[in-house]
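The values are calculated or read from the model by the stated rules, or taken from the named source; none is laboratory data. All of these numbers come straight from a predicted model, not from anything done at the bench. Neighbour counts are summed over all protein chains in view; Cβ atoms, including those assigned to glycine, are modelled from backbone coordinates with ideal geometry. All accessible areas refer to the heavy atoms of the entire protein, side chains included, with ligands and DNA or RNA removed. Shrake-Rupley method; radii C 1.70, N 1.55, O 1.52, S 1.80 Å.
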Amino acid sequence: GERPALDCATAVANAQRVATVCLRELRCMREGALGPEAAATAAAPPKAVVETHAARQMLLEEKRVLGTDMEALRATMRSIQEGSEACNGLARAAAADVVALECASVAVQDDLDKVRSQLGRSREQAAEHAEACAR
């Protein structure tokens, strides 16, 4: 007969049961060979391993905090850059307005000069006319 295929969940559950049984037997054998107190001491990780693990956990937490801080800094920098770009746009528009006003001012000054010149000629002509009429 054919054996039915095991799904992943069943295979994992079976492997966990086997591992649990093996660990229990290993613990019993260690206690039998060393005694309960010595077996507990032998099973405990060395102090250096515990300290290294603790230091690594602290470094990982610092890395996580730094990552969060860096993301906040990047967001702040993006915001500042957007504000700077908006200010640059406003400054360019204001500069264009100033140039336009200067051009308009020059045109008005030119018109004013023309009118003054015409007024001067008109006065001269009026004076010439008055002089001609007086003769």
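What to note about this one:
- Prolate/oblate/rounded call for the stretch 11-93, Cα gyration tensor, a/c under 1.5 rounded: oblate
- Label separation (residue 73 vs residue 124): 7.6 nm, computed from points 7 Å beyond Cα along the C-beta direction.
- Electrostatic dipole magnitude of the chain [Cβ: Lys, Arg +1; Asp, Glu -1; Cα centre; debye, to 20]: 660
- Estimated at the nearest 10 Å², the accessible area of residue 58 is 120 Å² with a 1.4 Å probe.
- Degrees, to the nearest 10: 47-134 long Cα axis against longest axis of the chain: 10
- Net charge contributed by nearby residues that have their C-beta within less than 13 Å of residue 85 (K/R +1, D/E -1): +1
- Surface analysis of the chain yields an accessible area of 88 Å² per residue, using protein heavy atoms and a 1.4 Å probe.
- For the stretch 8-17, 3J(HN,Hα) computed residue by residue from phi via the Karplus equation (6.51, -1.76, 1.60; θ = phi - 60°) reads 4, 4, 5, 4, 5, 4, 4, 5, 5, 5 Hz, glycine and proline entered as x.
- Theoretical gain in end-to-end length, residue 100 to residue 50 [0.36 nm per residue, Cα-Cα removed]: 10.6 nm
- Dipole axis of the stretch 1-131 (+1 Lys, Arg; -1 Asp, Glu on Cβ), positive-most option in 112, 22, 58: 22
- Chain lengthening between residue 90 and residue 111 when straightened (0.36 nm per residue, less Cα-Cα): 4.4 nm
- Within-13-Å neighbourhood charge of residue 67 [Cβ basis; K, R +1; D, E -1]: -1
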